Ligand code: APR
């Protein structure tokens, strides 16, 4: 597999992951046939308006997702990426995922572009809460009675500046930029593969479905699951 050679040769490899990285852990992605946005309209649920207009559905939807990341766990592919970081084969992971599975598997250089379900905060005063309180059905802030929400980036909200800056610097430094399990359909996250490519990186996309950026890639793998590709590269 040519990717194995590129991985050996590259002095600076950056991995970019989307929801397809966690489907083999049991979590749904968003846009494939069994994805979350096939069951729910993101414009009704994944934005701050829902906190006012649709609060019960918002709470139930995100309570289920918080429960999900407690019930499911990283798969072998997450652990392979963490081992590659320890070996210096991978320098960092830029992720759109909010499940915390890369860190749970041991990766430390992780930019969470869309925040995390592992933390919550009060929409009004910003006070932080653990996910245990949310699961225990305490949805309102003890300090100001504002509503609690996961510390993820809802549509229309800006990305965390520190994560964005780190991701930008990593994409610029990459010699090899590997996308794992993303439809690359959400901006500005989907710009990082192009930033890497524009700065001279080889771009690899491992994704079951086609993406709008396939034509820019030096290698596209549609016919293998991410877990299988990572295990083949790891032997
Ligand atoms: N192996 C390879 N590809 C896979 C696998 C797998 N095991 N499982 C799923 N995929 C692919 C699907 O074909 C799909 O194209 O992963 C892709 C996931 O795409 P999306 O569901 O759109 O997820 P993502 O790209 O991460 O979405 C970006 O959208 O709603 C927002 O904030 C949310 O971070 C998310 C963002």
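Quick check on my filter: what residues within region 25-47 are loosely packed, with under 14 Cβ neighbours inside 10 Å and touching a residue at least 24 places away in the same chain (Cβ under 8 Å)? Break it down into steps so the answer makes sense when it comes.
Going through region 25-47, the residues loosely packed, with under 14 Cβ neighbours inside 10 Å turn out to be 26, 33-34, 38-39, 41, 43.
Result: 26, 43.
For region 7-32, how many residues meet the condition of being within 21 Å of residue 195 (Cβ to Cβ) and not in a helix (DSSP H, G or I)?
9
Determine whether region 38-58 contains at least one residue that is assigned to a strand (DSSP E or B), assigned by TED's automatic domain parsing to the domain that holds residue 220 and within 14 Å of the ligand (Cβ to nearest atom).
Within region 38-58, the first condition is being assigned to a strand (DSSP E or B), and the residues that meet it are 47.
From what's left, assigned by TED's automatic domain parsing to the domain that holds residue 220: none.
Within region 38-58 (the criterion being assigned to a strand (DSSP E or B), assigned by TED's automatic domain parsing to the domain that holds residue 220 and within 14 Å of the ligand (Cβ to nearest atom)), the answer is no, since none of the residues qualifies.
A quick yes/no check of all residues on (1) touching a strand residue (DSSP E or B) at 6+ places or on another chain (Cβ under 6 Å); (2) more than 10 Å from the ligand (Cβ to nearest atom); (3) in the same structural domain as residue 37 (by TED's automatic domain parsing):
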{"site": "183", "(1), (2), (3)": "no, no, no"}
{"site": "200", "(1), (2), (3)": "no, yes, no"}
{"site": "204", "(1), (2), (3)": "yes, yes, no"}
{"site": "220", "(1), (2), (3)": "yes, yes, no"}
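Output the helices (runs of 4 or more DSSP H) that fall wholly within region 102-220 and possess 2 or more residues being more than 18 Å from residue 61 (Cβ to Cβ) and touching a residue at least 60 places away in the same chain (Cβ under 8 Å), or say none. If you could, list the steps in order and put the result at the bottom.
Numbers: elements: 131-135, 161-173, 192-198.
Once the helices (runs of 4 or more DSSP H) in region 102-220 are filtered for at least 2 residues that are more than 18 Å from residue 61 (Cβ to Cβ) and touching a residue at least 60 places away in the same chain (Cβ under 8 Å), what remains is 161-173, 192-198.
Within region 68-82, is there a residue that is touching a helix residue (DSSP H, G or I) at 6+ places or on another chain (Cβ under 8 Å), away from the ligand (no atom under 16 Å from the Cβ) and at negative phi?
Taking every residue of region 68-82 in turn, at least one turns out to be touching a helix residue (DSSP H, G or I) at 6+ places or on another chain (Cβ under 8 Å), away from the ligand (no atom under 16 Å from the Cβ) and at negative phi.
Just to be sure I understand the filter: pairs with C-beta atoms under 6 Å, separated by 6 or more residues or on different chains, first member in region 62-75 and in a helix (DSSP H, G or I), second member crowded, with 16+ Cβ neighbours inside 10 Å. Which pairs pass?
62/150; 65/117; 66/117; 66/131; 66/134; 68/27; 69/99; 69/117
The values are calculated or read from the model by the stated rules, or taken from the named source; none is laboratory data. This one's a predicted model, so the numbers in the text were calculated from it and none came from an experiment. Here the Cβ is made from the backbone with ideal geometry for all residues, glycine too, and neighbour counts use every protein chain on show.
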